[in-house]
Amino acid sequence: MINTRIGAAMKSPRSIIIYAWAGVVLQALLVVGVVIFVLVGAAYQRSATVDLHQTVQAMQIANLTARGDFLDAQRAVRGYQATKQDRFLATYDDDQDQFVVSLRMLRGLAWPAVLSGVRMQANTAQAAFQAGDRAVAAAPGSGTASRLYSRASASADRFTGQSAALQERLTTESNALARMSERILGVGLPVSTAVLAGLMLPVLVIALGLRWTSRPLHSVTGMVRRRAMASLRKLSLGMGGASLLVTPFGWTGSSSTCCRTP
């Protein structure tokens, strides 16, 4: 009973150092939370950038495929113009169908910023195919057929230029996305690491400072408590084991031999 009350008497208000350490721990947790949030956001941004980069690369392939199919069709119609062989017409029709499939794939991959370029290619290709179809249906060797073949050739040249321009733009976008995917928080990995480490540096400095300044205080507090405990033990033994109570005015006891304050 006496030990319990002596321990209760020794309980004092918590040191301000403890609250300071609690503040440092809370600040460290907040900084760690911010760092985790930033890293997760950066990882999501990088994943989205990589996905977009892959989409651009797929569109580059689709654009080249569509251009190849279109040029194959134009070579076939020129072959029919020169030889009047029906096998070139069959190839011409097949290449047109294949071009439609490639163009549909290209349009499905395009985002709004480049969709207008795809539509321009589609309109130019349609004009070339219409002129070619009319030239094939015209009388062989006639002036009408020659003019239509020339019109188809002009449309084919415009289509090739538009396709090359779109391909150049896609290449620029792809290179920019590739560089962006290698960066974190918009900068390189060394700079990102330095920024995140800098967020933790103040917390570490404060923690070390508290550790250094609180060491003498902990020593003094421990010495005072040890002396107080020793004094209480002596006092309790001198009082014959009487129960001690601590009041704001001093020490009181439950027996008649207890010391009282004036």
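The values are calculated or read from the model by the stated rules, or taken from the named source; none is laboratory data. These figures come from a predicted structure and were not determined experimentally. Cβ sites come from the backbone with ideal geometry, for glycine too, and all protein chains shown count toward neighbours.
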### Query
Which of the residues that make up the range 76-92 are over 18 Å from residue 139 (Cβ atoms) and loosely packed, with under 15 Cβ neighbours inside 10 Å?
87, 90
### Message
What's the number of the only condition in (1) out of contact with any Gly (no Cβ under 9 Å at 6 or more places or on another chain); (2) modelled with pLDDT of 70 or more that residue 149 fails to meet?
### Response
(1)
### Summary
Picking from 104, 67, 75, the residue that is touching an Asp or Glu at 6+ places or on another chain (Cβ under 9 Å), charged (D, E, K, R) and closer than 20 Å to residue 162 by Cα would be 75
